[in-house]
There are 2 protein chains.
Amino acid sequence: MTIPLYNNLTEKITITDGDYNKFLELTKSISISKNDFFIHEGNVSKYIAFVNSGVLYSYTIDKKGNKHVVQIAPENHWISDLFSFFSYETSAFNIEAIEDCEITILSRENFEKACNTIPAIERFFRLLIQKAYVDSLRRVSRIYSNSAEERYLNLIKSNPKIIQRVPQHYIASYLGIKPQSLSRIRKKLYD
Amino acid sequence: MTIPLYNNLTEKITITDGDYNKFLELTKSISISKNDFFIHEGNVSKYIAFVNSGVLYSYTIDKKGNKHVVQIAPENHWISDLFSFFSYETSAFNIEAIEDCEITILSRENFEKACNTIPAIERFFRLLIQKAYVDSLRRVSRIYSNSAEERYLNLIKSNPKIIQRVPQHYIASYLGIKPQSLSRIRKKLYD
DNA sequence: TTTTTTTATTAACCTATGTGAATGCCTATG
DNA sequence: CATAGGCATTCACATAGGTTAATAAAAAAA
């Protein structure tokens, strides 16, 4: 199904049917089962993915062996190994399905092709990345100015569904704390 | 002088003289004295700026009254109140000169105009924002996986000049710690 | 120069989160 | 059904960094 993708595009831009079809031809739709990898660290394939259904999450493993959840993407979100997608650096980055997923994927090569040949698509990705960038800036500023407890409450407020669908230790990692600390925070909050 | 800007553009894209001049007409070059504000929180004017010479830095003041340095931009860097520049949210954001500066500025309105009428410029900003985004993602992941001491050492390594030109309490804020803590870290490192 | 203001250092104490280990609970698998 | 592996919870203790306050050093102003 490509309707969710069309709707996602037209939230930000206007696109002709011709351009949309041209864009669609550069993509590929695939299924991923729960716990499968979409991108596995060390693999060469670099894609950006649009989630039609399910939930994916991306994470890195740092030099100390700690896992860091970077992004949690339910349906209607884009997710990618952006470190290497844009920088071409080989980065230890994984994207894994938390639930069974249907996703539409675009290779780096076709991403460039789409941006070069379909102005509306270049605009779309500029806007998408602008938003992702602002989100990331906001995240840095939240880490610095809020405690883990405040960040947890913010996440619940802004994304109540994620809390229900995603295991707690992933949430903890996304918040930048250990599962034990999240437990302690929840206990304090709900006792 | 607009040569630094031309060089900065052509690091990422190819642009014709005609397009460059068209772009230049949308910009304005101004001087800012040390300690002056380029953007003051509460002000309506929203610009993105290219630093020809000097150093600017951007910061927010959070609800608790703490100042957070978000970006430090020496010459040949772009800096902006990106929170509101892209999101149109009114955000409490300041950009101030640490040294006397020459900057070239582009209003939000002209930014859109440039992106809409000069494809090379839209491409340039897409690439610029991609890079800024990757940097910001990397920063989140560093905050989570490195101690303040490690982040300080990283900063020294990747940007030795900034350490020399920027007062220490700004560096501390950029690293997400208090000046006292940076002092303690430096003492531990250099004793 | 002297005075004032800003910045950096140090120290004693406090707090949030990390660490390691034990326990119980679920869920998947044999 | 039994069992193993993963997940959440709890606790005792460790530690990085925050807080407050005093002082020193440097820079700016007079």
**Fill in**
Exactly one of A:I129, A:I156, A:I177 is outside any helix (DSSP H, G or I), within 21 Å of the chain's Cα centre (by Cα) and either within 16 Å of DNA strand C (Cβ to nearest atom) or on the phi < 0 side of the Ramachandran plot (or both), and that one is A:I177
**Item:** Residue in region B:72-105 that is surrounded by the most Cβ atoms within 10 Å (Cβ to Cβ), counting only those that are in contact with a Phe, Trp or Tyr (Cβ under 7 Å, 6 or more places away or on another chain), at pLDDT 90 or above and not hydrophobic (A, V, I, L, M, F, W, C)
**Value:** B:T104
**Asked** With respect to B:S141, is the statement that it is at the interface with chain A (Cβ under 7 Å from one of its Cβ atoms) and buried (at least 21 other Cβ atoms within 10 Å of the Cβ) true?
**Response** no
**Request:** Within region B:171-191, track down each residue that is more than 11 Å from DNA strand D (Cβ to nearest atom) and surrounded by 12 or more Cβ atoms within 10 Å (Cβ to Cβ).
**Result:** B:I171, B:Y174, B:R186
**Message:** Going through B:I61, B:I39 one at a time, which residue ends up being more than 22 Å from B:T10 (Cβ to Cβ) and more than 14 Å from chain A (Cβ to nearest Cβ)?
**Reply:** B:I39
**Message:** Restricting to region A:180-191, count the residues that are out of contact with any helix residue (DSSP H, G or I) (no Cβ under 9 Å at 6 or more places or on another chain) and either among the β-branched types (V, I, T) or near DNA strand C (Cβ under 7 Å from one of its atoms) (or both).
**Reply:** 1
**Request:** Sort out which residues of region A:161-170 are near DNA strand D (Cβ under 8 Å from one of its atoms) and assigned to a helix (DSSP H, G or I), and write them in order of number.
**Result:** A:Q168, A:H169, A:Y170
**Request:** Report the residue count in region B:159-170 for those that are in contact (Cβ under 8 Å) with a residue 60 or more places away in the chain, under 19 Å from A:Y144 (Cβ atoms) and within 12 Å of DNA strand C (Cβ to nearest atom).
**Result:** 3
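The values are calculated or read from the model by the stated rules, or taken from the named source; none is laboratory data. Just so you know, these numbers come straight off a predicted model, no measurement behind them. Neighbour counts run over all protein chains shown; Cβ positions are idealised from the backbone, glycine included.
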